[in-house]
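Participant: For reference, the structure I am asking about is given below.
The values are calculated or read from the model by the stated rules, or taken from the named source; none is laboratory data. What you see is a predicted model, and the numbers here were worked out from it, not measured in a lab. Neighbour counts are summed over all protein chains in view; Cβ atoms, including those assigned to glycine, are modelled from backbone coordinates with ideal geometry. Areas reflect the complete protein model, heavy atoms only, side chains present, ligands, DNA and RNA absent. Shrake-Rupley method; radii C 1.70, N 1.55, O 1.52, S 1.80 Å.
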Amino acid sequence: MKAAKVILALALVASLMFTFTSCTCKPGDIEEEKISQPTTMSTPSAISQQSEIVKPAVVTASVLTVGNRTVDIGDKIYPIYFDFDKSELLNDSRETLSKLAQWMKNNPSVDIRIEGNCDERGSNEYNLALGENRAASAKKYLVYLSISPERLEPMSYGEEKPSCSESTESCWSKNRRDDFTITSK
Amino acid sequence: MLSITKNIKLSSPNTIITTLVLVLLIVCATTGLPSQLEARVYLELDSPNLRRIPLAVAPLQPLYGYRENAESALLGRKILVDDLEFSTFFELLDDTSSYLEKPKSYNLSQESFDFRNWSLIGAELLIKAGYSLNGEKLVVEFRLYDTLAGKMIVGKRYRGRTKNIRLLFHKFANQVVESITGLPGEFTSKIAFCGRHKNEPAQELYSSDYDGHERRQITRNKSINISPAWSQDANKLVFTSYRRDNPDLYLIDFMKGKEYRLTNRKGINAAAAWSADNRHLTLMQRYENHSEITIIKAGSGETVQRLTKSSANQASPCWSPDNNEIAFVSDRSGTPQIYITAAQGGHWRRLTRKENYNANPDWSAHNDKIVFTSKIDGIFQICTINPDGTSLRQQTYARSNCETPCWSPNGRHILFTKKINGIQQLLVMDNKGRNLKQLTFDKMDKKSPNWSANR
């Protein structure tokens with residue numbers, strides 16, 4: 001009888017241990033206890049040590065972009081622009097890309113990152129996909145102009161890197177663009 | 001004295017063990033007793049005319065032998081009242097108790113007051129709470145009473161520190177909602193979101209309580225950080241960061257206080273969502289120069305499967321609550337629409353047909369509905385739909401874009417962003433599109449909120 005009680009108590013403790021191991025690990029613990037009615041107003045006997053809810057990760061600083069380096073190729077490498085919700089190249093863009101291709105042929109050690117951007121309208125995540133398309137369009141055309149695909153790295157910023165932050169068409173049209181960044185020289 | 005500090009501190013292992021032992025002792029002492037009242041559901045949640053139950057919260061009393069601390073008492077009561085009001089289950093009665101009872105009776109037990117005093121003013125439920133404050137140590141004892149039946153529904157005592165007073169009262173608010181509705185409360189959940197100050201290139205991640213309080217900055221990498229998503233247990237967060245010149249997927253493990261890079265496949269690794277069992281993530285990744293939906297292992301980042309094969313763009317995947325299906329956006333029809341596919345791949349079907357821009361689906365585990373944003377008459381509005389395409393319902397009728405909706409952990413609320421006075425703010429409403437509440441008011445633009453389970 002006595003042994004049975006001991007076993008019962010041990011089982012109880014073990015099961016509780018299991019329960020509380022999982023919940024005591026939770027951050028920001030508040031110790032909780034069930035009260036049955038009636039109860040005496042006892043003074044607090046146990047004080048739990050509090051931890052914080054969110055521990056920010058230690059993140060080492062890194063620069064946001066490689067730099068807004070534009071290269072003098074007679075003209076500068078300006079961004080190329082797109083129509084709303086489109087990733088097809090405009091005629092102006094083909095001209096810019098031809099100059100870029102010529103300059104890349106003259107500077108064979110240079111690699112370029114093509115950064116596709118969108119205006120703020122529409123879903124952020126769908127715009128990430130659209131930015132991929134815009135970067136891919138420029139890459140495809142440069143490859144067509146005999147630039148090695150290994151030298152071209154497309155990347156999408158979606159609507160996360162606006163060059164203009166007003167909610168106007170003139171601003172949106174500046175944000176629907178591919179930027180070109182030199183990644184190695 | 002109340003002080004809410006912002007410093008981050010984790011308990012030392014020793015303290016955890018000490019606490020564990022103490023908790024064990026307390027619980028061992030009380031577990032043998034039978035529960036005072038069997039669980040009883042007070043509300044029929046599916047009823048179309050769900051009525052709010054009149055509930056009174058008595059002013060907090062200091063526990064016997066302790067001095068009054070009006071500041072903590074008022075703050076604590078306000079947290080509790082705000083939570084319960086927010087839940088949409090209760091009608092909070094005005095504080096009329098001052099003339100109902102002798103003040104400072106130092107006793108919460110039901111022998112110490114007359115239920116009729118409360119039922120007469122219409123309260124069907126009553127919360128009494130007492131506290132003791134000793135330096136930073138705060139103990140609060142709560143009782144929830146059914147005034148008509150004249151008995152206690154649940155009683156709890158919480159011990160913590162004054163800096164965690166919000167968490168402590170949120171915990172009991174959860175208990176009240178759970179006791180009355182059978183649903184978990186939402187009050188110890190967290191919101192993660194992206195924040196950017198005007199004209200700043202960097203976009204960092206932040207978290208806050210569900211009510212917008214206790215905001216913390218999560219990332220400090222001065223890069224662009226997007227699409228945060230809590231694991232189901234809210235102990236981990238995945239997000240996409242450009243800090244190494246490619247949109248890679250990162251994971252923060254809050255229990256270990258560590259951050260890992262999960263995938264660095266060239267191109268986007270974004271919009272990740274957790275499976276119900278926390279073992280997998282579905283996300284957008286680049287295949288053949290465009291975005292497709294894939295599944296990777298949450299532990300290693302290893303690719304399990306490419307889910308979609310299309311020349312069109314895919315975006316914003318999320319799992320069904322049973323893990324069997326994945327909803328996502330695709331423009332394979334020419335415009336962005338929401339589709340559902342089997343989680344093993346194949347067997348896809350188109351979910352949305354009205355309007356020509358539907359995006360950002362989120363699938364609730366509790367009411368099996370999908371919330372999304374739909375461009376209606378030129379403005380993005382929040383809508384809900386059943387996974388079989390029925391019961392399409394427009395939830396907002398706003399004049400500026402409402403975007404990136406997500407469900408609260410129990411499916412009773414929807415969180416989303418809206419531009420107000422030129423700033424993207426976080427707003428929350430109930431699942432019927434009512435009880436709209438603005439959560440943030442500061443000048444930082446906020447994007448892509450994600451709502452965790454209770455912690």
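Participant: Around B:Val154, which amide H atoms from residues at least 5 apart in sequence, or from another chain, sit under 5 Å from its own amide H, with H modelled in the peptide plane?
Facilitator: Excluding prolines and chain starts, which carry no amide H, the hits are B:Leu144.
Participant: Quick one: buried accessible area between B and A, total over both chains, 1.4 angstrom probe, nearest 100 Å²?
Facilitator: 8300 Å²
Participant: Still on this model: Compute the acute angle (0 to 90°) between the alpha-carbon long axis of helix B:165-181 and the principal axis of greatest extent of the alpha-carbon atoms of chain B; round to the nearest 10°.
Facilitator: Result, in degrees: 90.
Participant: Right, something else. Per residue of region B:353-364, in order, report the coupling 6.51 cos²θ - 1.76 cosθ + 1.60 (Karplus, θ = phi - 60°) as ³J(HN,Hα) in whole Hz, putting x for Gly and Pro.
Facilitator: Ordered by residue, 3J(HN,Hα) equals 10, 8, 6, 10, 8, 10, 8, 6, x, 9, 9, 7 Hz.
Participant: In chain B, carbon and sulfur make up what percent of the accessible area (probe 1.4 Å)?
Facilitator: Carbon with sulfur: 49 percent of the solvent-accessible area.
Participant: Right, here's the next one. Once you have all Cα-Cα distances for region B:232-278, histogram them in 10 Å bins from zero and send the whole-percent values.
Facilitator: All Cα pairs, binned at 10 Å, distribute as 27, 52, 21, 0 percent.
Participant: Related question: Taking a probe of 1.4 angstrom, what is the accessible area of B:Lys78 in Å², to the nearest 10?
Facilitator: The value for B:Lys78 is about 120 Å².
Participant: Quantify how strongly other chains surround peptide B:253-261 by giving the mean number of their Cβ atoms within 10 Å of each of its Cβ atoms.
Facilitator: 3
Participant: When only C-alpha pairs under 8 Å and at least 6 residues apart count, what is the relative contact order of chain B, in percent?
Facilitator: 10 percent
Participant: Classify region B:51-181 from the C-alpha gyration tensor, please: rounded if a/c falls under 1.5, else prolate or oblate depending on whether a/b exceeds b/c.
Facilitator: oblate
Participant: Going down the list B:Lys309/B:Lys369; A:Lys161/B:Lys437; B:Lys369/B:Lys443; B:Lys354/B:Lys447; A:Lys99/B:Lys375, which pairs span over 31 Å between their C-alpha atoms?
Facilitator: B:Lys369/B:Lys443; A:Lys99/B:Lys375
Participant: With 10 Å bins from zero, work out the P(r) of region A:72-184 over every alpha carbon pair and list the percent per bin.
Facilitator: 16, 49, 28, 7, 0
Participant: Right, next: Give me the 1.4 Å probe accessible area per residue for region A:72-184, excluding ligands and nucleic acids, in Å².
Facilitator: In whole numbers, region A:72-184 has 42 Å² accessible per residue.
Participant: Just in region A:76-138: which trypsin sites (Lys or Arg not before Pro) are loop by DSSP and have at most 14 other Cβ atoms within 10 Å?
Facilitator: Passing both the DSSP loop test and the Cβ count: A:Lys86.
Participant: Counting other C-beta atoms within 10 Å, and keeping those with at most 12, which DSSP coil chymotrypsin sites (Phe, Trp or Tyr not before Pro) do you find in region B:412-455?
Facilitator: B:Phe441
Participant: Return the long-range amide H neighbours of B:Leu351 (sequence gap of 5 or more, or a different chain), with a cut-off of under 5 Å between placed amide H atoms.
Facilitator: For B:Leu351, whose amide H was placed from the backbone, the distant partners under 5 Å are B:Ile338, B:Tyr339, B:Ile340.
Participant: Can you run phi through the Karplus equation (6.51, -1.76, 1.60; θ = phi - 60°) for region B:80-90 and list ³J(HN,Hα) in whole Hz, with x for Gly and Pro?
Facilitator: Taking θ as phi minus 60°, the curve returns 5, 4, 4, 4, 5, 4, 4, 4, 6, 8, 10 Hz for region B:80-90.
Participant: Once amide H atoms are built 1.01 Å from N in the peptide plane, which residues 5 or more positions from B:Ile376, or in another chain, come under 5 Å H to H?
Facilitator: Hits under the 5 Å cutoff: B:Gln381.
Participant: Tell me, what is the 1.4 Å probe accessible area of B:Arg244, in Å² to the nearest 10?
Facilitator: Estimated to the nearest 10 Å², B:Arg244 gives 120 Å².
Participant: For chain B, what does the helix formula give at 222 nm: sum of -39500 (n - 2.57) over DSSP H segments with n ≥ 4, over the residue count, nearest 500 deg cm²/dmol?
Facilitator: Result for chain B: -4000 deg cm²/dmol, rounded to the nearest 500.
Participant: Would you mind classifying chain B by shape? Square roots of the alpha carbon gyration tensor eigenvalues, ordered a ≥ b ≥ c; an a/c under 1.5 is rounded, otherwise it is prolate if a/b is larger than b/c and oblate if not.
Facilitator: Here chain B falls in the prolate category.
Participant: Something else about it: Scan chain B and hand back the longest stretch that contains none of the GluC sites (Glu not before Pro) lying in DSSP loops with at most 14 other Cβ atoms within 10 Å.
Facilitator: B:69-287
Participant: Accessible area per residue of region B:51-181 at 1.4 Å probe, in Å²?
Facilitator: Here the per-residue accessible area is 38 Å².
Participant: How far is helix B:13-31 tilted, in degrees, relative to the longest principal axis of the Cα atoms in chain B, given as a value from 0 to 90 rounded to the nearest 10?
Facilitator: With rounding to tens, the tilt is 60 degrees.
Participant: How would B:Arg52, B:Arg349, A:Arg177, B:Arg220 rank on accessible area, largest to smallest, probe 1.4 Å?
Facilitator: My answer, sorted largest first, is B:Arg220, B:Arg349, B:Arg52, A:Arg177.
Participant: Then there is this: Please work out whether region B:189-454 counts as rounded, prolate or oblate from its C-alpha gyration tensor, where a ≥ b ≥ c are the square roots of the eigenvalues and a/c under 1.5 means rounded, while otherwise a/b larger than b/c means prolate and anything else oblate?
Facilitator: rounded
Participant: OK, next. With θ taken as phi - 60° and the coefficients 6.51, -1.76 and 1.60, list the Karplus ³J(HN,Hα) couplings across region B:402-412 in order, rounded to whole Hz; mark glycine and proline as x.
Facilitator: For region B:402-412, the Karplus curve yields 10, 9, 6, x, 8, 7, 6, x, 9, x, 8 Hz.
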